[in-house]
Amino acid sequence: MKYIKVLLIIVTIFLIVSCGSSVPEPLNMTLRATDIAYDIESINGSVGQTINIQFINDGALEHNFIIDEFGIDNLLQSGESSNISFTLEQAGSYEYYCNVAGHLEAGMKGTILVSE
Ligand SMILES: [Cu+2]
C-alpha cells in the first residue's frame, strides 16, 4: 500500500514537470469593441501559444480588429461577433487597431506582448 502511494506521488510529479515543458495552453478570451475603444488594451502571450478571441462589436458604429503582422483584418457591424484564432510565432510587441476613419487616432488600439 505504501509502495503504491509513493508510486502515485512520483507519477504526479512527473506529469506536472512534463506539462511545464510542453506547448502553452491556448488563451481563450473575449474582446469587446465599443464607441470608440476596445475593452482590453493589452494581451500577454508566449511563443507557441494560440490565442482564441471572441471579438464582439458592442458599439453602434462598425469596428475592425486588425493585426498587420498576422494578416488579421476583421470588420464587424454593430452587434456582430466573430471568432479569431492565431498562433504567436515570434517574441515581440504587436499592435492591434481599428482602421475605421478616425478610430485609431482616437486611441482604438492595443498591444499584444509575446514573450519567449
Ligand atoms: Cu472602431
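Our coupling estimate for the range 105-116, obtained by passing each phi through the Karplus curve with A = 6.51, B = -1.76, C = 1.60 and θ = phi - 60°, is 4, 7, x, 7, 7, x, 10, 9, 9, 10, 9, 4 Hz, Gly and Pro reported as x. The orientation-averaged projected area of the convex hull spanned by the Cα atoms of the range 23-115 comes to 5.2 nm².
Highest-first packing order for the peptide set 50-61, 35-46 is 50-61, 35-46, based on the mean count of other beta carbon atoms within 10 Å. Averaging the sequence gap over all C-alpha pairs within less than 8 Å and six or more residues apart, then dividing by the number of residues, gives the range 35-116 a relative contact order of 41 percent.
FYI, it's all coordinate maths here, none of it is from the lab. All figures in this text were calculated on a predicted structure; none of them were measured in a lab. Don't worry about glycine lacking a Cβ; one is built from the backbone with ideal geometry, like all the others, and counts go over all protein chains shown.
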